[in-house]
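Participant: I am attaching a structure below and will ask some questions about it afterwards.
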Amino acid sequence: QVQLVQSGGGLVQAGGSLRLSCAGSRIPLSISALNWYRQAPGKSREAVAGMTIGGATNYEDSVKGRFAISRDNAKNTLYLQMDTLKPEDTAVYYCNAQYRQVNYWGQGTSVTVSS
């Protein structure tokens, strides 16, 4: 079955960096719309970064200039590079792929940024 398997995340001090990975199994990420979402404690899930099939990217305002979404087609893996992390970036992060009108989700990975 289709799987998105996430890795990365963890605990980092403010100002630090982390990279999240999302490996696709039985889903071609190169022809999928891709997104990263996050859900902070007590808050709704929000989109933070997206990439179209053509490679165009977009970002939520609070992460612009600090986060970068990228895709390695050869590895069928989606990434989220997160730099200059802030305590308010603390959340569970989820990758998302939309393929043939079906939404697929990774299992989530926790990111905690200490001040």
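Participant: Under 9 Å between Cβ atoms, at least 6 apart or on separate chains: pull out the pairs that start in region 66-81 with a residue that is surrounded by fewer than 19 Cβ atoms within 10 Å (Cβ to Cβ) and end on any residue that is outside any strand (DSSP E or B) and of a type in the set (Val, Ile, Thr).
Facilitator: Close Cβ pairs satisfying both conditions: 66/84; 76/27.
Participant: Examine region 55-66 for a residue that is within 14 Å of residue 113 (Cβ to Cβ) and in contact with a Leu (Cβ under 6 Å, 6 or more places away or on another chain), and state whether such a residue exists.
Facilitator: no
Participant: Where the second residue is open to solvent by 40 Å² or more (accessible area, probe 1.4 Å) and not small (Gly, Ala, Ser) and the first is at pLDDT below 95 and lies in region 88-115, which pairs have Cβ atoms under 6 Å and are six or more apart or on separate chains?
Facilitator: 115/87
Residue-wise test of (1) in a loop (DSSP other than H, G, I, E, B); (2) among the aromatic types (Phe, Trp, Tyr); (3) within 25 Å of residue 52 (Cα to Cα).
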{"position": "75", "(1), (2), (3)": "yes, no, yes"}
{"position": "79", "(1), (2), (3)": "no, yes, yes"}
{"position": "85", "(1), (2), (3)": "yes, no, yes"}
{"position": "88", "(1), (2), (3)": "no, no, no"}
{"position": "92", "(1), (2), (3)": "no, no, yes"}
{"position": "95", "(1), (2), (3)": "no, no, yes"}
{"position": "103", "(1), (2), (3)": "no, no, yes"}
{"position": "111", "(1), (2), (3)": "no, no, yes"}
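Participant: Further question: Output yes when any residue across region 6-23 is open to solvent by 20 Å² or more (accessible area, probe 1.4 Å), more than 16 Å from the chain's Cα centre (by Cα) and closer than 20 Å to residue 105 by Cα, and no when none is.
Facilitator: No: region 6-23 contains no residue that is open to solvent by 20 Å² or more (accessible area, probe 1.4 Å), more than 16 Å from the chain's Cα centre (by Cα) and closer than 20 Å to residue 105 by Cα.
The values are calculated or read from the model by the stated rules, or taken from the named source; none is laboratory data. Worth saying up front: this structure is predicted, and the values here are computed from it rather than measured. Note that each Cβ is placed from the backbone with ideal geometry, even for glycine, and that neighbours are counted across all protein chains shown. To get the accessible areas, we keep the full protein, side chains included, count just its heavy atoms, and leave off ligands, DNA and RNA. Shrake-Rupley method; radii C 1.70, N 1.55, O 1.52, S 1.80 Å.
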